[in-house]
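The values are calculated or read from the model by the stated rules, or taken from the named source; none is laboratory data. As the structure is a computational prediction, the values presented were derived from the model and not from experiment. Here Cβ is always computed from backbone atoms with ideal geometry, including for glycine, and neighbour counts include all displayed protein chains. Keep in mind that these areas ignore ligands, DNA and RNA; they rest on the heavy atoms of the full protein, side chains included. Shrake-Rupley method; radii C 1.70, N 1.55, O 1.52, S 1.80 Å.
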Amino acid sequence: MSTKRAEYLDCPLCGFEFEKHDTACAHGCPLGRFCKLVCCPNCQYEFPDRPESIGLLQRLFHRPKPPVARPDAIPLTELDEGESSELVCLNCEHPHRRNSLAVYGLVPGSRVVLQQKRPAYVVRVGETELALEAAIACEILVRRV
Amino acid sequence: MRRHENNVAITADRPVGTGQPTLVLVGNPNVGKSVLFSRLTGKYVTVSNYPGTTVEIARGNADIEGESVVVLDTPGVNELAPRTEDARVTCDVLRDYPEATIVQVADAKNLRRALLLTLQLAELRRPQVLVLNMMDELRKSGGRVDTRKLSELLGIPVVPTIATAGMGIQLLRKSLESAAAPRVPVDAASGRGYEQTTKYLAEANKILAQVYAHVRPQRPTFAQRLGSWAMHPIKGLGILALVLYFTFWFVGLLGAGTAVDFLEHVVFGRYVSPWAIRVADAVLPFPHTNHTEVSQYKFQIPLTPTRGIVIAESQRTVLAPTYSIAPGATLGGWTQTRRLAHDFLVGQYGVVTMAISYALAIVLPIVTTFFLVFSLLEDSGYLPRLAIMVNRVFRWMGLNGKAVLPMILGLGCDTMATMTTRILETRKERVITTLLLSLSIPCSAQLGVLLAMIASISFRAALFWLVLNIAIMIGIGWLAAKLMGGDGSDFILELPPMRRPQLSNVFIKTFARLEWYLKEVVPLFILGTAILFVLDKLAVLDKIARLGEPLVTGWLGLPRETASAFLIGFLRRDYGAVYLLDAATGPKAILTPHQVLVSMVTITLFMPCIATLFMISRELGRKTAMWITLFIFPFAFLVGGLVNHIGRLFGL
């Protein structure tokens, strides 16, 4: 079993995020591995994959993405202590982080109660109490209930 | 244990490699797999209220309906993707035993997450049983699960249990026969990931709606309130201070003070050692006169490191392990041999008078009291809350709050702690934690000795030692985090409910750890003493001490005799510290307070013991172990020397 973390790509057209090996043209394209284009499984848009050297540069001069503003949702960090909310979406920078939250039951539609903010954020999802860092908590977008 | 193509037919209904039916216990972290395991097999594995304490697979045999069955306990997983070391181990077990029956253990209170795992396990199409554990806690929290309906929906037996009380185990044994592959729609094609998790959770919600009812109790229980206080920014600090003080009092004062005094001065000093000397004299006679010394003993209940309530006091003259031979007497060959054997057993570096008495009188009480407190904290569910309180500080060191568990365990035994670094997610975190453990976390045996040495220096010097040690830990951690490549991990930590610790569980756990410790430690002590004895007899000790003299006397400014303490320090750090303690506070004290401070700093930074080194190379590989060693020893001498010179410069 591979221990390497899967590589993720963002579609420049529709913003869909997918694992690199999931590219829609990877299965059955006659060009196979010689093709340098990847195809978004969501909108079928084809775009060139990012070369390794650019990836390195991007990592060096990386600046965190500003959180996507959504009119209908606020970050979890803006709730008051004790407030109850419904999860709208996980706006995580790393998809693997999104899944590690999801396995605790943090998926869109679930009821999240913010229990405390300091020294770490503590949320309750169902019967699970979960402690999160601020950096992760602000990637969880919720709607007040 | 791989399947060979040619014997598939033979092993068709038998698990590969064992020739026996096998059960694999799988489940979310902290749901009671280990308790269930010991209920089924009668074997004990360390059970605690901290997610992720099973780092190795436990294996045992159970008698199920008259048949011997192999039972495997796996580390807890939240999903079947090999993202962490623990999950990797669990996935490997499932792959290596393709014929095994899967017993999924679930926390009945937290069915949603258990069902996510059930659906992932269902993809394997294996006979499966779902155990709903902690039914008592479910009832207390006001929930109800319709197990019959759940069993119908999933198509597998569902068994409610309370593993800690042994309830439902019989039912589980019976229902193993009817284990079946779940009849649920699965979606193996989309692969493990966020999409699949969402899909399965939606499925789980559908099932839950039919079987689960919950009425939340109006008032939070005391345990729940205590749990939230423990992570409150202010009350939490108060509780942290209380816990620390209690630990210090119980381990540092009661264990390392009262209990060690009693065992060392009374049990060993007055009875065991003199008795052993007399027996040795009778069995291995040669002309000599034994020395005597005055043993003073105060039985007291400690309040602070320097004050306590004295309950009884006594003074007695006892035999010492040293002797003198009448001047001019010559000893023949046989007598010499007898003398050598005599010295080996009860001499100054004797097995009984030094190794056994150090191991049992000094180390044992400290380790016992430490493990008692640790097991108590672990069982109560306080440790994850502690992780929350210290997360910020650990972030500076490139770690997160989860690393607090190995760090605290390191105060008990660094070797054991090095093994538990496996609960950390990335290699970077494991290397940093291991390095800091070896560098600046003194183990309990050493801590007791250091505390005794502190008593002989001023409060300011002691504070300096503490601050310097913490500063080194944070500084080196920060530097290592900056220099090392690789990722840290996210701080997402599940909080188990606070529970009243079960005393029997605490004692069994302490006992299991002590047994492990004694098996490891006593042979090492005897080995260490034997090496010391040989070096002493061959007068090599002096030579090596002279060789290291420039370093020890020049750079560290310590007397020549302490060189051998550092030499022993290579073998066992605490052992070297004991040796230094004798030099610092023993009847023939040769160290000034300044020198005590220098030697304390140096010995704290040393690699704990040879066993830790073995453990590091097992966990991280030989290369990393070598780098860690090559860093630690010069660094310890460097800092010790700096303390010496700067201290002298300012005339402290």
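Here is how the numbers come out for the structure above:
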item: For residue B:499, distant residues with modelled amide H under 5 Å away; result: B:381
item: Other protein chain Cβ atoms within 10 Å, averaged over every residue that makes up B:98-107; result: 0
item: In sequence order, calculated HN-Hα J values of region B:240-255 (Karplus, 6.51, -1.76, 1.60; Hz; x Gly/Pro); result: 4, 4, 4, 4, 4, 5, 4, 4, 4, 5, 5, 8, x, 9, 6, x
item: Cβ charges +1 (Lys, Arg) and -1 (Asp, Glu), total dipole of chain B, debye; result: 1020 debye
item: 1.4 Å probe, heavy atoms, protein only - residues of region B:492-509 losing at least 50 Å² accessible area vs chain alone; result: B:492, B:495
item: Region B:97-163 and region B:280-294: distance between their alpha carbon centers, rounded to Å; result: 69 Å
item: Surface accessible to a 1.4 Å probe, residue B:492 within the full protein complex, Å²; result: 10 Å²
item: Whole-Å semi-axes of chain B's equivalent ellipsoid (Cα gyration tensor); result: 52, 28, 24
item: Sulfur and carbon atoms: percent of accessible area, region B:239-371 [1.4 Å]; result: 67 percent
item: Dimensions in Å of region A:77-126 - Rg and Dmax from alpha carbons; result: 10.9, 28
item: Sequence-distant residues sharing a close amide H with residue B:131 (under 5 Å, placed H); result: B:104, B:105, B:106, B:159
item: Shielded residues, region B:387-425 - accessible-area loss of 40 Å² or more between chain alone and all protein chains, probe 1.4 Å; result: B:388, B:392
item: Exposed trypsin sites (Lys or Arg not before Pro) absent - longest run of chain B, DSSP non-H/G/I/E/B, at most 12 other C-beta within 10 Å; result: B:308-587
item: Buried area at the B-A interface (accessible, heavy atoms, 1.4 Å probe, summed, Å²); result: 3100 Å²
item: Table column - 3J(HN,Hα) (Hz), region B:384-390, Karplus curve with 6.51, -1.76, 1.60, x for Gly and Pro; result: x, 5, 4, 4, 5, 5, 9
item: Mean separation of Cα contacts under 8 Å (6+ apart) over length of chain B, as relative contact order %; result: 11 percent
item: Compactness of region B:227-358 - radius of gyration and Dmax, Cα, Å; result: 22.3, 76
item: Residues in region A:121-135 that, when all protein chains are in place, have 40 Å² or more less accessible area than the chain alone would give (probe 1.4 Å); result: A:127, A:128, A:129, A:131, A:133
